[in-house]
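Chemist: Here it is, the structure in full.
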Amino acid sequence: MAKVTLKRLKASCLFSTVFFSRLCTWRASLHWPQWMHHRIGIIPVPVYGLLLACIAALVALKCVSSDLPVMIAVLAVAGFTCAELGAKLPGLRHIGGPVIVALLLPSWLVHHHLLPAELISPIHHFWQTTNIIYLFSALVIVGSLLGMNRALLTKGISRFAIPVMAGSVAAAVIGTITGMVFGLDASDAFFYIVVPIMAGGIGEGALPLTLGYAALLQLPQDQLFARVVPAVVLGNLSAIMCAAAFEQISRRCRRHSNDLASSAQAHSIISREPVTVEQVAAAGIMAISLYLAGLVLQHFTHLPAILGVLALAVVVKLSGAVPAQLEYGAHWVYCFFARAVTYPLMFGIGITLMPWEALLAALTLAHFVTTLVTVLTLMITGFFVGHWIKLSATESAMINACHSGMGSTGDLAILTAANRLPLMPFAQLATRMGGAMTVILALGLMEQCE
């Protein structure tokens with residue numbers, strides 16, 4: 001028995017030696033280290049292949065769970081795949097292709113039942129139980145605000161309000177007139193297309209807006225909600241494409257950049273000393289604490305928690321209450337989430353918040369032209385008013401475009417397509433505060449009309 005065991009041990013060692021030598025030869029022939037430098041998004045190609053094979057196996061075995069590690073893998077592989085595809089498509093890559101594909105392709109796949117239910121259901125469950133979009137928004141907002149030069153932030157907040165207000169008035173008038181030219185009733189064009197576009201998104205805009213409409217008109221709220229969602233979705237997509245195209249045009253027309261986003265990047269707080277893990281972790285916890293404070297404020301004021309995060313982060317930054325080390329950590333938190341989480345998050349948005357049916361319902365000529373004219377009016381007005389008050393005209397146009405975005409997700413998509421993500425705090429001001437004022441004024445006007 002001892003001899004048999006010894007023979008088996010020798011055979012096993014011989015097999016392991018031969019296998020390892022062959023593996024090393026195969027690895028060298030494939031130039032494995034070189035492949036590790038090629039990436040799909042941020043994922044090295046060999047790791048991408050391993051993740052893809054594992055996800056396919058889990059789907060085949062019908063054991064995909066909504067656990068955080070599994071969802072990170074699924075959303076990362078799918079999101080960066082869509083982004084790479086959008087970056088390679090001719091024409092589309094110049095108008096925000098990665099963002100558009102990451103948002104629309106999953107919605108189209110779900111509509112045509114081309115994604116397995118074993119994959120869709122866990123993503124929906126994960127989205128509903130984690131509220132990850134609020135975590136992302138809080139970290140990006142707090143990180144970008146605290147990592148920005150204080151004087152630059154003060155200048156941006158004080159000046160961007162004027163282009164946003166001017167753009168809102170101009171878009172309301174011209175958008176309504178455009179709808180009437182294409183055969184829509186003036187009240188339908190204004191209350192169900194123009195106002196929803198500028199209301200601040202779905203949860204914080206369309207939902208309270210239609211609740212108010214339902215109370216005033218004595219109609220079912222779900223019926224009114226289904227009526228305004230196409231305008232919100234199409235307005236956000238129009239803003240993405242217009243912002244990307246506008247950025248391409250402005251880049252070719254100027255010789256040097258003095259934009260606020262460029263200044264924000266150049267004046268971001270970057271430590272000369274190495275940033276420690278403790279500083280980054282403390283900054284993340286601080287962002288979460290501000291979000292919890294926003295939830296408390298929401299209970300008393302009924303304002304969205306993200307709006308509270310924005311207001312509190314501005315106060316903290318302008319007061320100088322945060323030490324420099326935490327600001328350095330916040331800057332790195334922002335950089336990580338902006339680069340590593342954006343496209344996976346967009347894939348999830350395409351599956352959970354972007355119904356393909358709503359997009360198809362909005363693709364009538366009258367709705368499309370009215371929406372496009374409304375968004376363009378916002379941006380063009382912002383451009384010229386920004387130039388008139390000696391603000392960066394291009395950045396002013398981008399902020400006004402975010403006024404037609406779907407909340408935090410819309411701002412994220414628009415600014416990513418335009419390569420202006422450092423403008424996120426100003427975009428949130430335009431979306432949240434501008435949207436809240438739009439809803440309040442629209443409900444007041446509807447009450448007067450009834």
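The values are calculated or read from the model by the stated rules, or taken from the named source; none is laboratory data. Everything numeric here is computed off the predicted structure, so don't read it as measured data. Backbone-built Cβ (ideal geometry, glycine too); neighbour counts: all protein chains shown. Side chains are part of the model used for accessible areas, which takes the heavy atoms of the whole protein and leaves out ligands, DNA and RNA. Shrake-Rupley method; radii C 1.70, N 1.55, O 1.52, S 1.80 Å.
Chemist: Top to bottom by accessible area (1.4 Å), largest first, where do LEU89, LEU139, LEU104 land?
Modeler: LEU89, LEU104, LEU139
Chemist: While we're here: Under the Karplus relation 6.51 cos²θ - 1.76 cosθ + 1.60, θ = phi - 60°, what is the ordered set of whole-Hz ³J(HN,Hα) values for region 395-411, x standing for Gly and Pro?
Modeler: Calculated HN-Hα couplings, in order: 5, 4, 5, 5, 5, 5, 4, 5, 5, 9, x, 8, x, 4, 5, x, 4 Hz.
Chemist: Further question: Considering only DSSP states other than H, G, I, E and B, which trypsin sites (Lys or Arg not before Pro) in region 31-90 qualify as loop sites with at most 11 other Cβ atoms within 10 Å?
Modeler: LYS62
Chemist: Any chance you could look up the accessible area of GLU357 with a 1.4 Å probe, heavy atoms only, rounded to 10 Å²?
Modeler: Rounded to the nearest 10, the figure is 100 Å².
Chemist: A further question on this structure: Using protein chains only and a probe of 1.4 angstrom, how many square angstrom of LEU360 are accessible, to the nearest 10?
Modeler: Surface open to solvent at LEU360 totals about 90 Å².
Chemist: Please list, ordered by chain and number, the residues whose modelled amide H lies under 5 Å from the amide H of ILE40; skip anything fewer than 5 residues away on the same chain.
Modeler: VAL45
Chemist: Given just the C-alpha atoms of region 72-183, how large is their convex hull per residue in cubic angstrom?
Modeler: So the per-residue hull volume is 205 Å³.
Chemist: Output wanted: per-residue J couplings in Hz (rounded whole) for region 374-387, from phi through Karplus 6.51 cos²θ - 1.76 cosθ + 1.60, θ = phi - 60°, x for Gly and Pro.
Modeler: 4, 5, 4, 5, 4, 6, 5, 4, x, 4, 6, 5, x, 5
Chemist: Then there is this: Work through the residues other than ALA338 whose Cβ is under 15 Å from its Cβ and net out their charges, Lys, Arg +1 and Asp, Glu -1.
Modeler: +1
Chemist: Something else now. Which order, highest average first, do 417-428, 435-446 follow once you tally other Cβ atoms within 10 Å for each residue and take the mean per peptide?
Modeler: 417-428, 435-446
Chemist: Further, regarding this structure: Considering only C-alpha atoms, what is the centroid distance from region 381-418 to region 166-214, in Å?
Modeler: Centre-to-centre distance over Cα atoms comes out at 19 Å.
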